[in-house]
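These notes are about the structure you will find just below.
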Amino acid sequence: MTTITAEAGTSAQQYVQSVYEAVIKRNPHESEFHQAIKEILDSLTPVFAKHPKYMKQGILERIVEPERVVYFRVPWVDDKGVTQVNRGFRVQFNSAIGPYKGGLRFHPSVNASIIKFLGFEQIFKNSLTGLPIGGGKGGSDFDPKGKSDNEIMKFTQSFMTELYKYIGPDEDVPAGDIGVGAREIGYMFGQYKRIKGGHEAGVLTGKGIIYGGSLTRTEATGYGCVYFVNEMLEAKGLSFQDSTVVVSGSGNVSIYAIDKATQLGAKVVACSDSNGYIYDPRGINLHTVKRLKEVERKRISEYVNEHPHAVYTEGCAGIWTIPCDIALPCATQNEIDEEAAKLLVSNGVKAIGEGANMPSTLEAIEVFLENRVLFGPAKAANAGGVAVSALEMSQNSMRLSWTFEEVDAKLHGIMKNIYQNSVKAAEAYGHSGNLVVGANIAGFIRVADAMLAQGVV
Ligand code: GLU
């Protein structure tokens, strides 16, 4: 990549554009990574215009290039005795403010582009929490769907047998993401301990409570997302009380977003999995969803067997046709496209809180912003999960554990701060009310200043 110095006349806009073009050229065919880069870079032009020091030190050229990428073979033997081979990834994107931190995703769609987009987002999200964590992400194209418990254990042990070389409590601390929950973290922790010896509790987060996990970590992303949206609503004199909410997904993020929104007086009428969605006009029965998804590991379609007044529809995109006041996309990237966004707007949606990573396309975000829909971007709205992961690391270092109420109160405070800091940054750079720009700038400045302080490394 050509280094763009701040030669006289190089405008901030040209600088940003040339870095973006260089990223595309250097990382061809990585559309999700390009999308994440574009979303951030578009917001940063006013920062470079105001502070040319970041251009002079090549911060942008450095920040778009991961510090390290590890890519490895994961061989394992399935229950039929057949050898399977998957691909493992860990992108250690940026360690300017702390050890690399970010989840592991096990899903057949996982490839270098997906992990790089997630890792890049993670840098700014983690910075927004105000806690000392750098950005990283990893995963595998392994599909946990339909696998036996034994196969999950075999795979995760093989995955950790390679990954352990690159991680550690002060170096890189993975956690869960799609397809990786407490069970998978438990097996990976067991294998890490077996190889390394000792009990380095802080090497992974999202652990079980009895061996070093933090209370509230399971609830944190979903609760945090609702706390964030609540801040957006309150600023406009609105609330969750008596509102109709649609939440996509039925994993960890979705379940606890439904839980908190319901606690705040909302009626959540729909949720989904990768096969389809359920619409329950009386309000989703969370006990049923939790049992089906967390205990029995079944499909969401089974919900209607127990609640026959509810309707199941095959295919998940249709969930956005349901009229709602608040939409919380908590499933996966690019689940709301321009058309879905227009539909949500014409059905009167007032607020969007992104519980998943990058669930709205760039075009969808435009539609929300143009129509003055309150929009909580992923890296701000879903930062609660990684924030509590950082609190888990603190507790592990102290060999202490905080109560559920203590961690929840800290989480709530962190989400309020993220909201305030994003609002202030948007105002300071001439984009009042635009939390996409605000979150990007607030997240960026902390990392960029740490990079400046540490020299060209
Ligand atoms: N995978 C989550 C995220 O996207 C959590 C990461 C973590 O706890 O390290 O932020």
If only Cα atoms are counted, what is the Rg of segment 306-457, and what is its Dmax, in Å? 18.4, 63
Have a look at Y279, H309, A341 and report the one farthest towards the positive end of the charge dipole of segment 273-356, computed about the Cα centre with Cβ charges (Lys/Arg +1, Asp/Glu -1). H309
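Please compute the alpha carbon radius of gyration of the chain, then divide it by the globular-protein estimate 2.2 N^0.38 Å. Two decimals is fine.
Taking the Cα Rg and dividing by 2.2 N^0.38 Å, one obtains 0.94.
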Sorted by chain and number, the residues with a modelled amide H under 5 Å from that of G276, at a separation of 5 or more or across chains, are G315
Sequence neighbours fewer than 8 away in the same chain don't count; with that in mind, list the lysines whose C-alpha is under 25 Å from K350. K125, K236, K260, K267, K342, K379, K416, K424
Rounded, prolate or oblate: which fits segment 410-457, taking a ≥ b ≥ c as square roots of the Cα gyration tensor eigenvalues, rounded meaning a/c under 1.5, else prolate when a/b beats b/c? oblate
Please state the charge dipole magnitude for segment 1-128, taken about the Cα centre, from unit charges on C-beta atoms (+1 on K and R, -1 on D and E), reported in debye and rounded to the nearest 20. 280 debye
Unit charges on C-beta of K, R, D, E only; dipole of the chain, Debye: 960 debye
Under 5 Å between amide hydrogens, which residues at least 5 positions from E171 or on another chain qualify, with H placed 1.01 Å from N in the peptide plane? none
Just to confirm my numbers, what's the Cα centroid distance between segment 303-338 and segment 347-381 in Å? 16 Å
Could I have the simple spin-label model distance between S401 and H51, label points 7 Å from Cα toward Cβ, reported in nm to one decimal? 4.0 nm
Projected onto the charge dipole of the chain (+1 at Lys/Arg Cβ, -1 at Asp/Glu Cβ, origin at the Cα centre), which of Q420, L238, P75 gives the Cα projection farthest towards the positive end? P75
So, counting K/R as plus one and D/E as minus one, what does the shell of residues with Cβ under 12 Å around A331 add up to? -3
How big is the gap, in Å, between the Cα center of segment 68-126 and the Cα center of segment 413-447? 28 Å
Using the Cα centre of segment 281-424 as the reference point, and only Cβ charges (+1 on K/R, -1 on D/E), how large is the resulting charge dipole? Debye, rounded to the nearest 20. 440 debye
Using the Karplus equation 6.51 cos²θ - 1.76 cosθ + 1.60 (θ = phi - 60°), what ³J(HN,Hα) coupling, rounded to whole Hz, does each residue of segment 235-250 give in order, writing x for Gly and Pro? 4, 10, x, 10, 7, 6, 3, 6, 8, 9, 10, 10, 10, 7, x, 8
When DSSP assigns beta bridges and you keep just the ones with both residues in the chain, what percent turn out antiparallel, to the nearest 5? 55 percent
Kindly provide the trypsin sites (Lys or Arg not before Pro) of segment 66-125 that DSSP labels as loop, not H, G, I, E or B, and whose Cβ sees at most 16 other Cβ atoms within 10 Å. K80
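At 1.4 Å probe size, with every protein chain present, just tell me what the per residue accessible area of the chain comes to in Å².
40 Å²
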Scan of the chain for GluC sites (Glu not before Pro) in DSSP loops with at most 14 other beta-carbon atoms within 10 Å gives a longest site-free stretch of 8-170
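Just in segment 377-421: which trypsin sites (Lys or Arg not before Pro) are loop by DSSP and have at most 13 other Cβ atoms within 10 Å?
Details: sites: K379, R399, K410, K416; in loops: R399.
Within segment 377-421, the qualifying trypsin sites (Lys or Arg not before Pro) (loop, at most 13 other Cβ atoms within 10 Å) are R399.
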Which of the aspartates and glutamates could be linked to K165 by a straight reach, that is with a Cα gap under 19 Å, when you skip same-chain ones fewer than 8 residues away? E67, E184, E200
Let's test the formula: R0 of 45 Å, r as the Cβ-Cβ distance of R26 and R194. What FRET efficiency results, to the nearest 0.05? 0.70
A student applying the Cα gyration tensor rule (rounded when a/c is under 1.5; otherwise prolate if a/b is larger than b/c, oblate if not) would label segment 367-457 oblate
Can you work out the FRET efficiency for the pair E234 and N305, with r the C-beta to C-beta distance and R0 = 35 Å, to the nearest 0.05? 0.35
Heavy-atom accessible area with a 1.4 angstrom probe orders K290, K145, K137, K298, most exposed first, as K145, K298, K290, K137
Given the candidates G213, G198, S397, the one whose Cα lies deepest towards the positive end of the charge dipole of the chain, counting +1 at each Lys or Arg C-beta and -1 at each Asp or Glu C-beta, is G198
Taking every pair of distinct Cα atoms and averaging 1/r, then inverting, what Kirkwood hydrodynamic radius in Å comes out for segment 173-237? 13.5 Å
Once label points are set 7 Å from the Cα along Cα→Cβ at both I209 and V295, what is their separation, rounded to one decimal in nm? 1.7 nm
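Suppose only helical runs count, i.e. DSSP H with n ≥ 4. What mean residue ellipticity at 222 nm does that imply for the chain under -39500 (n - 2.57) per run, divided by all residues and rounded to the nearest 500 deg cm²/dmol?
Rounded to the nearest 500, it is -14500 deg cm²/dmol.
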Net charge, Y164 excluded, C-beta distance under 14 Å - Lys, Arg +1, Asp, Glu -1: +1
With a ≥ b ≥ c the root eigenvalues of the C-alpha gyration tensor of segment 206-353, is it rounded (a/c under 1.5), prolate (a/b larger than b/c) or oblate? oblate
Measure out, as a whole number of angstrom, how far apart the alpha-carbon centroids of segment 26-52 and segment 201-226 sit. 31 Å
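The values are calculated or read from the model by the stated rules, or taken from the named source; none is laboratory data. Computed from a predicted structure; not experimentally measured. Please note: Cβ atoms are built from the backbone with ideal geometry, for glycine as well, and neighbour counts cover all protein chains shown. Please note that ligands, DNA and RNA were not included when accessible areas were found on the heavy atoms of the full protein model with its side chains. Shrake-Rupley method; radii C 1.70, N 1.55, O 1.52, S 1.80 Å.
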